[in-house]
Amino acid sequence: MNIMELQNVQYTYDNKKKVLKGINAQMEQGKMYAILGPSGCGKTTLLSLLGGLDSPSSGKILYLGEDIAKTGLADHRRSHVAFIFQSYNLIDYLTPMENVALTSKLPSLPILEQLGLTKEEARRNVLKLSGGQQQRVAIARALASDAQIILADEPTGNLDEDTAAEIRAILKDSAHKSGKCVVIVTHSNDLAKEADVIFRLRKGELQASDRLDGISLKRQ
Amino acid sequence: MNLGIRAVLYTVRKWKKTLLVFALLLAIMILVLSGLAIADAQEEQSAELRGTTGVSFTVSRNTATGGWGSGNGGSYSTQEYLTPDMMEQIASVDGIKAYNASIRTILCLSNTKGQWLEQLEPTGHALVDCQFYSYGCFNSEYHSLFLSGALVLCDGKAVDMSDDNEIVISKEIADKHGLKVGDTIQAVNTPLSDDQTMELEIVGVFEVVADKTDERNNFNEASYYDYANNAFVSEAAMKGLLENYADVGYASADFFVSDPEQLEVIIHQVQSINSINWNNFLVTANDEVYERVSNSISDTSTLITTLVIITTVISMVLIILILSISIRSRKHEIGILLATGIGKTVILLQYVLEIFLVAIAAFPLAYLSSRQVARALGTLFGKTVENVIVTPHHFILVSVVGTVLLVMAVLLSCIPIIRFSPKNILSQME
């Protein structure tokens, strides 16, 4: 079932530079998507549009068939999507538990422990955690929410290999076990390999390929 | 997590920033409250000045426009005199609280047994020593000697239009002759003549406050010019005492106004009284002292008001600047909160709540502290400590206005950030 659909989405910077030229795509629940492409091609912009952080210059983005511009971008962000950013984007005066509680009413300690944080770490100031731990908190915040779509922008970009591998597994499980739609913007072929569908963004146009294409992309 | 918890957590955990804003709010509140208290004390002083300063105008014969006659004593003006009727008409103008005119004569005073009273420093000549320099007054309270402070009533009351046969004498004379308020003495203008002797009740006793060097009146050292040898009798009594002499009227009369600020208007109204020929009279405003003191107070008022305004404006600019810097440093947080779907209004409310939490602690403390500070600052502006009071009214006024300004400051600081999309904010931060 399509949870998200992009219909002829265009995006222009400052009314001059056209970054996205009529993107059409569908995304389903229970699948992990990777968006690949060279730097500055508009991957993060596309992710922002999917998450309602910005509005397209033209075209529509539908969530379960409804235009998110009409239902409200803030409502879309609050109810349908959860973000994982490369730079974690945690609130510095809150503990990991409190950061998770921003998006969830459920107890936040279990999910943090599930992601490898100790009780003491879960109550520490987030700035006193390592990069990998901060990213786990960001992931916990996304997973703890009721959102059916997880949008991740270079989630393993700042992490060491081992931690990156753990994060990849968590995201994959979120799609395949928790039934969420996970969309990842990445330069990492290792991460892209785990995706069910790979989108390649080039010159403002999006092309979908299967995992094999993802591997072949790795070979290029 | 709701905005209230976030606001409390921010306030507690970012305690250095909280402390800075707290100190700033405290200082601003103390200064503004003190300024208001001083300004009020100033206003009170001005009002008191308006009420107590003897601002008056004098209506006097205009000898320049009258004719001249001559007699044994030389030439004299034939200009008309002020009559009691004229004075009553003038006094009926709104804003005139009292008036006075007086006739001077030398009365001989004696006790009820007919024994002459002696002056303070008798010369040994009975008919000289019993002479007292006396004023027949419409209202002795407004006689220039009392208004100038040279004499002060220490017992009883002044003589005025309600009195018939009353007199006010000095304490020294009263003590010398064992007299007190309520006693009766006798007075006659010229002894051993047809002038009637009248019994006068002592209704008041005055003390001489003026320096001994000032005590002597203008002309010479004669003992009856000594202020202690002065007496004030009611206008009605003086009429009786001088019944053998022509009643020509009064050369001048002083009219006292309630509000010095209205003096010009009142004089204008007085000069519009048609039944009085204003060609024959001069009207002179006696407001030099008031103007001088008033100008000085007005200058101080302007200075205080300016200082209060400058303090408030600078403080508000400072608080907006600090809040703006503080909120700008929270741009990233705003982007994160927006990205998690928290609405702009909720974010604004959180920041408003944070400043309220600080204000709730700062405002009452400022109220308590400002009482002492206001007094200390007030003395710099020549105010007495007792007059500079920070009232609950000041506190409520400053708290309400301060709260409104703080909300505006938060909004002004947030709007430049919050108008961007979360993507723009977050990408700027990255």
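The values are calculated or read from the model by the stated rules, or taken from the named source; none is laboratory data. Quantities reported herein were computed from a predicted structural model and do not represent experimental measurements. Neighbour counts are summed over all protein chains in view; Cβ atoms, including those assigned to glycine, are modelled from backbone coordinates with ideal geometry.
In this structure, does residue A:77 turn out to be within 14 Å of chain B (Cβ to nearest Cβ), basic (Lys, Arg) and not in a loop (DSSP other than H, G, I, E, B)?
Details: within 14 Å of chain B (Cβ to nearest Cβ): yes; basic (Lys, Arg): yes; not in a loop (DSSP other than H, G, I, E, B): yes.
So residue A:77 fits the description; yes.
Looking only at residues in region A:42-74 that are in contact (Cβ under 8 Å) with a residue 24 or more places away in the chain and among the hydrophobic types (A, V, I, L, M, F, W, C), the one that is nearest to the other protein chains (Cβ to nearest Cβ) is A:53. Selection of region B:13-28 for residues being more than 50 Å from the chain's Cα centre (by Cα) and either in a helix (DSSP H, G or I) or closer than 21 Å to residue B:404 by Cβ (or both) yields only B:13.
For region B:372-430, filtering for residues that are within 14 Å of chain A (Cβ to nearest Cβ) and among the acidic types (Asp, Glu) leaves 1. Here residue A:87 clears all of (1) touching a Lys or Arg at 6+ places or on another chain (Cβ under 9 Å); (2) at the interface with chain B (Cβ under 7 Å from one of its Cβ atoms) except the condition numbered (1).
Residues of region A:120-155 that are part of a helix (DSSP H, G or I), of a type in the set (Lys, Arg) and over 15 Å from residue A:169 (Cβ atoms): A:128, A:141. Only one of the listed residues (B:103, B:28, B:90, B:38) is more than 14 Å from chain A (Cβ to nearest Cβ), of a type outside the set (Gly, Ala, Ser) and under 30 Å from residue B:192 (Cα atoms). That residue is B:103.
The residues on offer are B:383, B:344, and the sole one that is more than 49 Å from the chain's Cα centre (by Cα) and either of a type in the set (A, V, I, L, M) or assigned by TED's automatic domain parsing to the domain that holds residue B:8 (or both) is B:344.
If you scan region A:169-202, which residues turn out to be more than 17 Å from residue A:157 (Cα to Cα), of a type in the set (A, V, I, L, M, F, W, C) and assigned to a helix (DSSP H, G or I)?
Of everything in region A:169-202, just one residue is more than 17 Å from residue A:157 (Cα to Cα), of a type in the set (A, V, I, L, M, F, W, C) and assigned to a helix (DSSP H, G or I), namely A:175.
Could you go through region B:101-118 and let me know if any residue there is within 28 Å of residue B:262 (Cα to Cα) and at pLDDT below 95. Yes, some residue in region B:101-118 is within 28 Å of residue B:262 (Cα to Cα) and at pLDDT below 95.
Summed over region A:98-119, the residues that are within 25 Å of residue B:11 (Cα to Cα), surrounded by fewer than 22 Cβ atoms within 10 Å (Cβ to Cβ) and more than 7 Å from chain B (Cβ to nearest Cβ) give a count of 6. If you go through region B:314-363 and pick out every residue that is in contact with a helix residue (DSSP H, G or I) (Cβ under 6 Å, 6 or more places away or on another chain), among the polar types (S, T, N, Q) and facing chain A (nearest Cβ under 10 Å), you end up with 0. Taken residue by residue, region B:157-170 has no member that is farther than 19 Å from residue B:199 by Cα and either outside any strand (DSSP E or B) or of a type in the set (Val, Ile, Thr) (or both).
Examine region B:100-108 for a residue that is touching a Leu at 6+ places or on another chain (Cβ under 9 Å), more than 30 Å from residue B:272 (Cα to Cα), surrounded by 13 or more Cβ atoms within 10 Å (Cβ to Cβ) and aliphatic (A, V, I, L, M), and state whether such a residue exists. Yes, that holds for at least one residue. Checking the structure you have, find out if any residue of region A:152-162 is surrounded by 23 or more Cβ atoms within 10 Å (Cβ to Cβ) and at pLDDT 90 or above. Yes; the residues of region A:152-162 include at least one that is surrounded by 23 or more Cβ atoms within 10 Å (Cβ to Cβ) and at pLDDT 90 or above. Pairs linking a residue in region B:237-249 that is under 19 Å from residue B:162 (Cα atoms) to a residue that is modelled with pLDDT under 85 and outside any helix (DSSP H, G or I), with Cβ atoms under 9 Å and 6 or more positions apart or on different chains, are B:237/B:163; B:239/B:247. Is it true that residue A:60 is on the phi < 0 side of the Ramachandran plot, part of a strand (DSSP E or B) and of a type outside the set (S, T, N, Q)? Here the answer is yes, as residue A:60 does meet what is asked. Listed by first and then second residue, the pairs linking a residue in region B:1-19 that is within 11 Å of another protein chain (Cβ to nearest Cβ) and basic (Lys, Arg) to a residue that is buried (at least 17 other Cβ atoms within 10 Å of the Cβ) and part of a loop (DSSP other than H, G, I, E, B), with Cβ atoms under 6 Å apart and 6 or more places separating them unless they lie on different chains, are B:13/A:93; B:14/A:93.
Taking region B:314-430 and the helices (runs of 4 or more DSSP H) fully enclosed by it, the elements with 1 or more residues that are more than 30 Å from residue A:47 (Cα to Cα) are at B:344-380, B:392-418. Could you tell me which residue of region B:394-407 is surrounded by the fewest Cβ atoms within 10 Å (Cβ to Cβ), considering only residues that are closer than 20 Å to residue B:348 by Cα, under 39 Å from the mean Cα position of the chain (by Cα) and in contact (Cβ under 8 Å) with a residue 12 or more places away in the chain? Only one residue fits best here, namely B:403. Take the residues of region B:235-248 that are modelled with pLDDT of 85 or more and among the small types (Gly, Ala, Ser): which is nearest to residue B:87 (Cα to Cα)? The selected residue is B:236. Residues being touching a helix residue (DSSP H, G or I) at 6+ places or on another chain (Cβ under 8 Å), among the β-branched types (Val, Ile, Thr) and free of Cβ contacts under 8 Å to residues at least 24 places away in the same chain: count how many of those fall in region A:102-154. Qualifying residue count for the region: 0.
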